[in-house]
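The values are calculated or read from the model by the stated rules, or taken from the named source; none is laboratory data. All values reported here derive from a predicted model rather than from experimental measurement. Here the Cβ is made from the backbone with ideal geometry for all residues, glycine too, and neighbour counts use every protein chain on show. Accessible surface areas use protein heavy atoms only, side chains included; no ligands, DNA or RNA. Shrake-Rupley method; radii C 1.70, N 1.55, O 1.52, S 1.80 Å.
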Amino acid sequence: MADPTLDDDAMTRFEVPEFEELPEDLQDRITEETEEAGFTPNVFSAFAYKPSHFRAFFDYHDALVDDTALDREEVEMIVVAVSGRNHCYYCNVAHGALLRIYSGDPELADQLVANYRQADVSEKRMAMLDVAVKLTEHPDRVTEADLERLAEVGYSPEAMWDIAAVTAFFNLSNRMAMFADMRPNSEFHTMGR
């Protein structure tokens with residue numbers, strides 16, 4: 001079992017705090033994640049910079065993946081497609097690894113990062129990705145027609161909400177990761193391959 005380690009290189013533009021100096025609830029959450037993953041993902045090290053933001057960020061993240069009408073593969077597909085459009089190095093690598101694990105497909109994440117329109121996905125999932133990318137690139141162009149298309153391919157109103165929520169959250173995450181220059185753990189590069 002790995003001990004929690006906040007990597008000084010988790011981000012280059014802000015100082016990573018010392019694990020022992022963090023509030024107890026953050027230490028507990030980081031320990032739990034480290035035990036599950038086998039290493040401390042650098043996003044935990046980076047967001048520990050500001051504990052109140054850490055709590056809000058991970059509480060919302062957990063709600064998005066635990067209370068959703070989407071399956072986990074779909075959640076990660078959205079994250080990777082959005083992160084690919086935003087050129088977010090951290091999320092492309094970290095969530096690409098998660099997508100490989102949840103999908104069992106070693107190629108899908110790379111397809112989505114490079115050009116989601118060429119990914120080998122169903123018509124239903126392509127509709128989901130089209131809306132997520134549109135909301136990312138041109139939020140003012142999302143219309144009722146986009147929701148109608150999602151309904152036509154089988155997404156419920158709750159699933160549509162979740163598509164938008166995951167998209168919006170990871171646009172925020174991408175921007176923070178890029179602003180802080182968060183670096184993915186080396187472990188993520190080979191996971192699920």
Val121 vs. criteria crowded, with 19+ Cβ neighbours inside 10 Å, under 22 Å from Ser103 (Cα atoms) and under 17 Å from the mean Cα position of the chain (by Cα)
no
When restricted to Val75, Val113, the only residue over 11 Å from the mean Cα position of the chain (by Cα) and of a type in the set (A, V, I, L, M) is Val113
Determine which single condition Asn185 fails, assuming it passes every other condition in (1) of a type outside the set (Phe, Trp, Tyr); (2) open to solvent by 60 Å² or more (accessible area, probe 1.4 Å); (3) more than 18 Å from Asp62 (Cβ to Cβ).
(2)
Any residue at all in region 76-88 that is within 20 Å of Ser186 (Cα to Cα), surrounded by fewer than 22 Cβ atoms within 10 Å (Cβ to Cβ) and at pLDDT 95 or above?
yes
Would you please name the residue that is farthest from Leu64 (Cα to Cα), looking only at residues in region 131-159 that are open to solvent by less than 30 Å² (accessible area, probe 1.4 Å) and not polar (S, T, N, Q)?
Asp146
Filter result (open to solvent by 60 Å² or more (accessible area, probe 1.4 Å) and small (Gly, Ala, Ser)) within region 89-106:
Gly104
Do we find that Ala165 is open to solvent by less than 90 Å² (accessible area, probe 1.4 Å) and in contact (Cβ under 8 Å) with a residue 40 or more places away in the chain in this structure?
yes
Could you count how many residues in region 2-32 are surrounded by fewer than 16 Cβ atoms within 10 Å (Cβ to Cβ), more than 17 Å from Ser186 (Cβ to Cβ) and touching a helix residue (DSSP H, G or I) at 6+ places or on another chain (Cβ under 6 Å)?
3
Kindly list the number of the only condition in (1) small (Gly, Ala, Ser); (2) more than 18 Å from Gly96 (Cα to Cα); (3) surrounded by fewer than 18 Cβ atoms within 10 Å (Cβ to Cβ) that fails for Ala180.
(3)
Mind checking which residues of region 43-74 are open to solvent by 40 Å² or more (accessible area, probe 1.4 Å), assigned to a loop (DSSP other than H, G, I, E, B) and touching an Asp or Glu at 6+ places or on another chain (Cβ under 8 Å)?
Tyr49, Ala69
So, of the residues in region 47-87 that are polar (S, T, N, Q) and out of contact with any Phe, Trp or Tyr (no Cβ under 7 Å at 6 or more places or on another chain), which turns out to be nearest to Ile101 (Cα to Cα)?
Thr68
